[in-house]
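The values are calculated or read from the model by the stated rules, or taken from the named source; none is laboratory data. Being a predicted model, the structure only gives us computed values, none of them experimental. Virtual Cβ from ideal backbone geometry, glycine too; neighbours counted across all protein chains shown. Areas reflect the complete protein model, heavy atoms only, side chains present, ligands, DNA and RNA absent. Shrake-Rupley method; radii C 1.70, N 1.55, O 1.52, S 1.80 Å.
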Amino acid sequence: MTTTHAELATPTSPDHVDGVLNYLADKDQHPVSYNFKPPPGVPARTGTYAKFMVPIHSARAIMGELSLDRQGFAVTCQNSSVANFYDADEVRRVYYPEVEWLVREFTGAVKVHVFDHNVRSRPMAKRRENGAQEPVKVAHNDYTLKSGPQRVRDLLPDEAEALLKNRFAVINVWRPIRGPVQESPLAVCDAQSMVQDDFVKHVLKYPDRDGEVYSVAYNPNHRWFYVPNQQKEEILLLKCYDSDGRRTRFTAHSAFEDPSSPPDAAPRESVEVRTLVFFPPDIAA
Ligand code: OGA
Ligand code: FE
């Protein structure tokens, strides 16, 4: 049975809320974060962030128009047969193939490679349970011009050069584990309201490699959206990289405190899956 967005939208969904987002304080910095003990005298993280209050609009009114190649995000519906999203083996065995199919259908890709997932729950993260992490309350994008293709070379070394000849993208697939989300939802910025200059390189140091993400600098043009009361069948797709510069390449996103949350709201629980998405040769090119 398919469920439509109209059935899922609750009558109490606000049309926008004013939320506080953490942005990089200015563009003239090059933040570096260590995921291990830095060398003596080197700070574990650099980069200063500042809070900005912004309107965050309901995406429900424009769900049908959303496009990964324009806004950089989209919402679709899919049920899952996963019984326990905190069981990483079950997620890999049952959910990864579901996501692969979903992303292939949604985008027209020829190959989708699911390579990673995170579960998020603040109380579980605090108790160090289930490998859960907290929501990320900083505006960011997961990959950069450099780290997008680097991920393909790291994960699929034998096929990488052949695969990278055609268009490729990184798409995150974000869903609530329990719905509706009542607390710390995920906000996404319409990529059409952003310029490349808003994205600032942020190096992530790992023991064996350097990763790169983008931090995001404030720009009053930014237009933010979220899915109020997001249900567990409602999947948010986020474009985190695209090799094709004619389309949206990156999408800023951030968790935020929703001022319309009920006082007894259950803490948000979510799972996000990262996918490498490969397209057929562009015959028009
Ligand atoms: C993501 C992400 C943060 C959150 O899915 O890429 O940054 O709080 N999620 O869910
Ligand atoms: Fe992210």
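Using R0 = 45 Å, the C-beta based FRET efficiency linking residue 165 and residue 77 works out to 0.85. Summed over the residues of the chain and divided among them, the accessible surface reaches 48 Å² per residue at a probe radius of 1.4 Å. Only Cα pairs within less than 10 Å get springs; with that Gaussian network setup on the chain, which residue of 75, 200, 17 has the largest fluctuation? Maximum fluctuation in the GNM of the chain, among the listed residues, is at 17. Between residue 48 and residue 154, the contour length at 0.36 nm per residue exceeds the Cα-Cα span by 35.1 nm.
About its Cα centre, the chain has a charge dipole of approximately 540 debye under the convention of +1 per Lys or Arg Cβ and -1 per Asp or Glu Cβ, with nothing else charged. When the listed pairs 27/239; 37/239; 37/146; 51/201 are checked against a 28 Å cut-off, the alpha-carbon distance exceeds it for 37/239. Note on residue 204 and residue 29: the model spin-label points, each 7 Å out from Cα along the C-beta direction, lie 1.9 nm apart. Each residue of segment 191-200 was assigned a 3J(HN,Hα) from its phi angle through the Karplus expression (A = 6.51, B = -1.76, C = 1.60, θ = phi - 60°), giving 4, 5, 9, 10, 10, 4, 4, 6, 8, 10 Hz with x at Gly and Pro.
Taking a sphere under 14 Å around the Cβ of residue 61 and counting the other residues whose Cβ falls inside, with K and R at +1 and D and E at -1, yields a net charge of -1.
Projecting label points 7 angstrom from Cα along Cα→Cβ for residue 195 and residue 88 puts them 4.2 nm apart.
Roughly how many percent of the accessible protein surface of the chain is carbon and sulfur, given a 1.4 Å probe and a whole-percent answer? On the chain, the fraction of accessible area on carbon and sulfur atoms equals 51 percent. For segment 19-283, a/c is less than 1.5, where a ≥ b ≥ c are the root eigenvalues of the C-alpha gyration tensor. That puts it in the rounded class.
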